[in-house]
Amino acid sequence: DTEVTQTPKHLVMGMTNKKSLKCEQHMGHRAMYWYKQKAKKPPELMFVYSYEKLSINESVPSRFSPECPNSSLLNLHLHALQPEDSALYLCASSQAVFGRPSEQFFGPGTRLTVL
Amino acid sequence: DQQVKQNSPSLSVQEGRISILNCDYTNSMFDYFLWYKKYPAEGPTFLISISSIKDKNEDGRFTVFLNKSAKHLSLHIVPSQPGDSAVYFCAARGIQGAQKLVFGQGTRLTINP
């Protein structure tokens, strides 16, 4: 299984809603990532989890709250978002050995629209 | 400060010919480079990578060349096929930020029949 899955595929939410994005991988990878991608822009790193611990937070606003319940799952909890947060949210995973390069495998993304 | 640059936003190539996509970087601490392909409404798909200790890596129709002195890499696709039409992202990894990839802006490749 070389797949990263993400649910839901599409999400529309109001600025007062609370919602969660889910990501799952069964490749035994110990690093998992959240990226945000706006139209015609490259993916921008938000968070990195390594061995279920948050290792990188790219100064993301607190209205985005990541969670890694176990080595296969990664969640992104959303609360009080702004319309400018509308984007494609991508999850990725990779082997997590520091210093040894490995490619990141991406999921299909969740298209988020904030009204 | 854009550390990874893809200066061509788009490229159009005839089917069967060679496609060459270019990428420049500024950070000499980058030690690993990757190319990803992205179709609309899908996540990026890993294509090929190269370590900074090499100058060429080949995988089927895809070859990546690295010129460290010029801080330049390129992706060659030979022969180009219609299914290669997609957005291609160059990405780089720094030694100090081992898990952090920096992406270029992407080049939209269109293969014409």
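Worth a mention:
- Matching residues in region B:42-64 - criterion: being open to solvent by 60 Å² or more (accessible area, probe 1.4 Å), under 15 Å from B:PHE89 (Cα atoms) and in contact with a strand residue (DSSP E or B) (Cβ under 8 Å, 6 or more places away or on another chain): B:THR45
- Region A:1-73 holds strands (runs of 3 or more DSSP E) entirely within its bounds, and those carrying 3 or more residues that are in contact with a Phe, Trp or Tyr (Cβ under 8 Å, 6 or more places away or on another chain) and open to solvent by 30 Å² or more (accessible area, probe 1.4 Å) map to A:53-57.
- Residue in region B:20-29 that is within 12 Å of the chain's Cα centre (by Cα), of a type in the set (Asp, Glu) and either surrounded by 13 or more Cβ atoms within 10 Å (Cβ to Cβ) or not in a loop (DSSP other than H, G, I, E, B) (or both) present: yes
- Apart from one condition, B:THR63 fits all of (1) more than 14 Å from every other protein chain (Cβ to nearest Cβ); (2) touching a residue at least 24 places away in the same chain (Cβ under 8 Å); (3) part of a strand (DSSP E or B); the exception is (2).
- Matching strands (runs of 3 or more DSSP E) fully within region B:73-113 where at least 1 residues are farther than 14 Å from B:ILE50 by Cα, out of contact with any His (no Cβ under 8 Å at 6 or more places or on another chain) and charged (D, E, K, R): B:107-112
Conditions (1) among the charged types (D, E, K, R); (2) within 14 Å of chain A (Cβ to nearest Cβ), marked per residue:
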position	(1), (2)
B:LYS54	yes, yes
B:ASN67	no, no
B:LYS71	yes, no
B:SER80	no, no
B:TYR88	no, yes
B:ARG93	yes, yes
B:THR107	no, yes
B:PRO113	no, no
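- Restricted to region B:34-52, and to residues there that are assigned to a loop (DSSP other than H, G, I, E, B) and at the interface with another protein chain (Cβ under 9 Å from one of its Cβ atoms), the residue that is modelled with the lowest pLDDT is B:ALA41.
- Some residue of region A:47-62 being touching a residue at least 40 places away in the same chain (Cβ under 8 Å) and not acidic (Asp, Glu): yes
- Listed by first and then second residue, the pairs linking a residue in region A:73-93 that is free of Cβ contacts under 8 Å to residues at least 40 places away in the same chain to a residue that is hydroxyl-bearing (Ser, Thr, Tyr) and open to solvent by 10 Å² or more (accessible area, probe 1.4 Å), with Cβ atoms under 9 Å apart and 6 or more places separating them unless they lie on different chains, are A:SER86/A:THR113.
The values are calculated or read from the model by the stated rules, or taken from the named source; none is laboratory data. Remember, it's a predicted structure, so these values are computed and weren't measured experimentally. No Cβ is skipped: glycine too gets one built from the backbone with ideal geometry, and neighbour counts run over all protein chains shown. Heads up: the accessible areas ignore ligands, DNA and RNA and are worked out on the full protein's heavy atoms, side chains in. Shrake-Rupley method; radii C 1.70, N 1.55, O 1.52, S 1.80 Å.
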